[in-house]
Amino acid sequence: MIIKIKKKSDIPSSEITPEDVYINRRKFLGASAGIGAAAFLGCGAADTDSDAADAESQDLEPTSWEDITTYNNFYEFGASDKEAPARRSHTLVTKPWTIKVDGLCAKPADYQLEDFIKPSTIEDRVYRFRCVEAWSMVIPWRGFPLADAIARAEPDPGAKYVAFETLWDPEQMPERRWKPRIGWPYREGLRLDEAMHPLALMVTGLHGRTLPNQNGAPLRLIVPWKYGFKSIKSIVRMTFTEDEPPTTWATQSPAEYGFYSNVNPNVNHPRWSQETERVVDSSRLFNRRIDTLFLNGYADEVAHLYEGMDLRKYF
Ligand SMILES: Nc1nc2c(c(=O)[nH]1)N[C@H]1C(S)=C(S)[C@@H](COP(=O)(O)O)O[C@H]1N2
Ligand SMILES: [Mo]
């Protein structure tokens, strides 16, 4: 299963142990993700598509803290080396941190991070995470529903999308070789109904600990049914718009990345297959691949958002 939820009210105020995070009361949003807990013994499997495990045998062992925090995409800290963000992101200053909420809403405001987060709404949730580069992890995030932050802003009836921006400060963010066509900052966006879905999470931590800089401190988005690049890091701005907002990757390479970017094994990337994914696990000698699931396994929860849409066109 993909969605294990623990409310802040269930979390003892003392430090959370790994047991608390994993072996907690399980609550399933929607019921039927249908993924058993059976371990998949993939050790020794060759790195080929034919060795992919089917959905039923995909285990849910969370990826280690070590792997989640040293294998990152955070282009502001290095555009190709997955280990660069862990090495270089210590220069990011996350205190104080301001988030601007603006655009088509009744309650635009500049928030200090502490005021943006309501501690009583913080939960731990274990989600699948699928990068467009066909690797995946299972990540125990800590955060609160994006829907809460949206409701508080009271979007106008004319607001159809919400756009997000990452901090851009070249003093703190050393990457200068790669400049996106759209320019910095990194930008993302969601249709408002997608953003209001209870699975969409504003994240402040992982593995029961404060979010490290390389994972998007102090506040990042997680949209578990979409490719990882939608999950924008180190957010400083949230803007309600009438029109679909321009986003970094869809502007960079429109033939390869769309606005929706829903995980979809039936729609390949022009340069590679999206049918399977490599499970990131540095403790294994050999890579293991598993089948990629439609909407990353969250179809029962979110497929209704795309009813009647041609997902080959709106990829
Ligand atoms: N600001 C910003 N957000 C970003 C990125 C980035 O380069 N800059 N990379 C995206 C991509 S491609 C992925 S896969 C995820 C990686 O998140 P993780 O490093 O926490 O696994 O962050 C996404 N959010
Ligand atoms: Mo990604």
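Assessment of the range 65-75 against the conditions (buried (at least 19 other Cβ atoms within 10 Å of the Cβ) and away from ligand 2 (no atom under 16 Å from the Cβ)) yields no matching residue.
Scanning the range 292-304 for residues that are crowded, with 17+ Cβ neighbours inside 10 Å and either of a type in the set (A, V, I, L, M) or farther than 13 Å from residue 261 by Cα (or both) yields 292, 293, 295, 297, 298, 299, 301, 302. Considered as a group, the residues in the range 171-184 that are open to solvent by 20 Å² or more (accessible area, probe 1.4 Å) and modelled with pLDDT of 95 or more include one that is farthest from ligand 1 (Cβ to nearest atom), and that residue is 171. Residue count for the range 200-222, restricted to those that are out of contact with any Gly (no Cβ under 8 Å at 6 or more places or on another chain), aliphatic (A, V, I, L, M) and within 12 Å of ligand 1 (Cβ to nearest atom): 4.
Going through 136, 80 one at a time, which residue ends up being within 16 Å of ligand 2 (Cβ to nearest atom), among the small types (Gly, Ala, Ser) and open to solvent by less than 20 Å² (accessible area, probe 1.4 Å)?
136 is the lone residue from the list that is within 16 Å of ligand 2 (Cβ to nearest atom), among the small types (Gly, Ala, Ser) and open to solvent by less than 20 Å² (accessible area, probe 1.4 Å).
Applying the condition of being in contact with a Leu (Cβ under 8 Å, 6 or more places away or on another chain) and within 14 Å of ligand 1 (Cβ to nearest atom) to the range 234-262 and asking which residue is farthest from residue 128 (Cα to Cα) yields 236.
Go through 220, 181 for me and flag whichever is without any contact (Cβ under 8 Å) to a residue 40 or more places away in the chain and either within 23 Å of residue 67 (Cα to Cα) or not acidic (Asp, Glu) (or both). Testing whether each residue is without any contact (Cβ under 8 Å) to a residue 40 or more places away in the chain and either within 23 Å of residue 67 (Cα to Cα) or not acidic (Asp, Glu) (or both) leaves just 220. The selection criterion, being within 15 Å of the chain's Cα centre (by Cα), within 16 Å of ligand 2 (Cβ to nearest atom) and at positive phi, does not hold for residue 228.
Suppose we filter the range 143-165 for residues that are within 14 Å of the chain's Cα centre (by Cα) and either within 16 Å of residue 234 (Cβ to Cβ) or open to solvent by 50 Å² or more (accessible area, probe 1.4 Å) (or both); how many remain?
Filtering the range 143-165 for residues within 14 Å of the chain's Cα centre (by Cα) gives 143-146, 164.
Then keep just the ones that are either within 16 Å of residue 234 (Cβ to Cβ) or open to solvent by 50 Å² or more (accessible area, probe 1.4 Å) (or both); that gives 143, 146, 164.
Looking only at that region, the number is 3.
Hey, can you tell me all the residues within the range 212-248 that are aromatic (Phe, Trp, Tyr) and surrounded by fewer than 23 Cβ atoms within 10 Å (Cβ to Cβ)?
Once the filter is applied, which keeps residues that are aromatic (Phe, Trp, Tyr) and surrounded by fewer than 23 Cβ atoms within 10 Å (Cβ to Cβ), the range 212-248 yields only 229.
Would you mind finding the one in 204, 248 that is modelled with pLDDT of 95 or more, of a type in the set (S, T, N, Q) and more than 16 Å from ligand 2 (Cβ to nearest atom)?
Checking each option against the conditions leaves just 204.
Scanning the range 117-143 for residues that are in a loop (DSSP other than H, G, I, E, B), within 11 Å of ligand 1 (Cβ to nearest atom) and within 19 Å of residue 212 (Cβ to Cβ) turns up just one, 131.
Report yes if residue 263 is hydrophobic (A, V, I, L, M, F, W, C), surrounded by 24 or more Cβ atoms within 10 Å (Cβ to Cβ) and without any contact (Cβ under 8 Å) to a residue 60 or more places away in the chain, otherwise no. Before the answer, list the steps.
Numbers: hydrophobic (A, V, I, L, M, F, W, C): yes; surrounded by 24 or more Cβ atoms within 10 Å (Cβ to Cβ): yes; without any contact (Cβ under 8 Å) to a residue 60 or more places away in the chain: no.
No, not satisfied.
The values are calculated or read from the model by the stated rules, or taken from the named source; none is laboratory data. Keep in mind it's a predicted model, so treat the numbers as computed, not measured. A quick note on method: Cβ atoms are made from the backbone with ideal geometry, for glycine too, and the neighbour counts reach across all protein chains shown. To get the accessible areas, we keep the full protein, side chains included, count just its heavy atoms, and leave off ligands, DNA and RNA. Shrake-Rupley method; radii C 1.70, N 1.55, O 1.52, S 1.80 Å.
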